[in-house]
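S.K.: The structure's right below; bear with me while I get my questions together.
The values are calculated or read from the model by the stated rules, or taken from the named source; none is laboratory data. Since we're looking at a predicted model, the values are computed, not measured. Cβ sites come from the backbone with ideal geometry, for glycine too, and all protein chains shown count toward neighbours. Each accessible area value is taken on the protein alone, full model and side chains, heavy atoms only, with ligands, DNA and RNA left out. Shrake-Rupley method; radii C 1.70, N 1.55, O 1.52, S 1.80 Å.
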Amino acid sequence: MFHYYRDSSVRRPGAAVSENLPMSKHIKLFIPGPVEVSPDTMAAMSQPMVGHRSKDFQNLYAEIQPHLQALLGTSQQVFLSTSSAWGVMEGSLRNLVAKKVLNCCCGAFSDKWFDVAKKCGKQAESYQVEWGQPILASEIDRRLATGEFDALTLIHNETSTGVMSPLTEIAALKKKYPDVMFIVDAVSSLSVVPIAFDDLGIDVLLAGTQKALALPPGLAVFTVSNAAFERAATIKDRGYYFDFIEFRSNGEKSMTPSTPCISLIYGLRHQLQKFAAEGLQARYARHSRLNGMVHDWVRKNGFEFLAPEGYRSVSLTCVKNNREIDVAKMNSLLKANHSMIIDGGYGKLKGLTFRISNMGDESDQTISTLLAALDDSLAQASAL
Ligand SMILES: *Cc1c(COP(=O)(O)O)cnc(C)c1O
């Protein structure tokens, strides 16, 4: 009888809830999102609930603002959206596109943004490059020069292909095209490399929490330029849930338009405190160093990179399967023998590539352990 309760999700009457929680086996994630969440961060989220219109919530919100502003490099308000990143990605289109949007497409997420623009009923054009290639400022310049566009979407770090496009060069075009709203997804690059919203002069910067911020999914952070608020104010049918103007007026009172995921915000506060203790510069340096360790492993094993040199992501590595190994086999051995997983390639790149994430709370030690486990799994997969 006792075993029955212990091994199932049915609660033994009178038992402490935690005693009977069904737990799945812990497989450590080295996929590029969701990433591994540290036990201390999980614990930080288990705090008593507070009312979202209470002083306690306002204090929580206000406490994390300066940390978020430092992270996004802005003196603007940083908003908390209870949604995954896509909520704000779609919301940005609804708030800012009146005429036509130019969607820069270089992989699964950026291609999808073009699709979403059309689904929102917006006029849209894609600047499409082959998966694995970066987005270039010169081509954006050429397209914007037509005068057809009033918005642009760019994914800074295209997670599906491991490509980081040259954000600084692209953002410099904003000066030439002040009426074009530059909407930038930094979902898998925020806190990996420095991104300074105010200096870049862009209009929207957004990220979800389950990538480099190393939290569970369900929360997105974003900031908006004054020019973008002005544009939004002229747009009808912005809706409510992602209305930038609602976020601004609620934010002024340290609140969100609707009931937010308060537990995740406790977790975010904890992560931001960890970032401050480590130092942002040290955090960027750590990501770069760990990414370099993965790159060394790739070269040592005779693999190539999908992205050309100079445009490779610092958050993850997209490895070209030029050795034609059985990626699925390697990954299943990694899981069975070492309780870890990497990603076996996104969409049409499945099996042709594999991706290794070094985002979040990883360390020299955890990445070394992963790479040793990959050596073992690769050798076993090749021997079969
Ligand atoms: C993961 C990811 C998204 C989508 O995030 P959701 O959390 O699924 O909404 C968007 N853009 C990039 C670059 C991503 O890596």
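S.K.: Taking the residues in region 164-204 that are in a strand (DSSP E or B) and within 20 Å of residue 141 (Cα to Cα) as candidates, determine which candidate is farthest from the ligand (Cβ to nearest atom). Spell out the reasoning first.
M.R.: Taking region 164-204 and keeping what is in a strand (DSSP E or B), we get 164, 181-185, 190, 193, 204.
From what is left, the residues that are within 20 Å of residue 141 (Cα to Cα) are 164, 181-185, 204.
Details: 164: 10, 181: 18, 182: 16, 183: 12, 184: 10, 185: 5, 204: 13 Å.
Residue satisfying both the conditions and the ranking: 181.
S.K.: Inspect all residues belonging to region 216-223 and state whether any of them is away from the ligand (no atom under 16 Å from the Cβ), modelled with pLDDT of 95 or more and open to solvent by less than 50 Å² (accessible area, probe 1.4 Å).
M.R.: So the first thing to find is which residues in region 216-223 are away from the ligand (no atom under 16 Å from the Cβ), and the list is 223.
From the residues that got through so far, the ones that are modelled with pLDDT of 95 or more too are 223.
Adding the requirement that they be open to solvent by less than 50 Å² (accessible area, probe 1.4 Å) leaves 223.
Looking for residues that are away from the ligand (no atom under 16 Å from the Cβ), modelled with pLDDT of 95 or more and open to solvent by less than 50 Å² (accessible area, probe 1.4 Å), one finds at least one in region 216-223, hence yes.
S.K.: Taking the options 263, 249, 254, 258, name whichever one is out of contact with any strand residue (DSSP E or B) (no Cβ under 8 Å at 6 or more places or on another chain) and without any contact (Cβ under 8 Å) to a residue 24 or more places away in the chain. Walk me through it before giving the result.
M.R.: On the way: 263 fails: without any contact (Cβ under 8 Å) to a residue 24 or more places away in the chain; 254 fails: without any contact (Cβ under 8 Å) to a residue 24 or more places away in the chain; 258 fails: without any contact (Cβ under 8 Å) to a residue 24 or more places away in the chain.
Criteria check complete, one pass: 249.
S.K.: Condition first: in a loop (DSSP other than H, G, I, E, B) and either without any contact (Cβ under 8 Å) to a residue 12 or more places away in the chain or not polar (S, T, N, Q) (or both). Now tell me which residues in region 335-384 satisfy that.
M.R.: 342, 344, 345, 346, 351, 352, 359, 360, 361, 362, 384
S.K.: Just need a number here: residues in region 312-326 that are surrounded by fewer than 21 Cβ atoms within 10 Å (Cβ to Cβ) and not charged (D, E, K, R).
M.R.: 3
S.K.: Residue by residue through region 79-120, note down the ones that are more than 9 Å from the ligand (Cβ to nearest atom) and free of Cβ contacts under 8 Å to residues at least 40 places away in the same chain. Let's see the steps before the verdict.
M.R.: Initially, region 79-120 is screened for residues more than 9 Å from the ligand (Cβ to nearest atom), giving 79-82, 90-106, 111, 114-120.
Correct list: 105, 111, 114, 115, 116, 117, 118, 119, 120.
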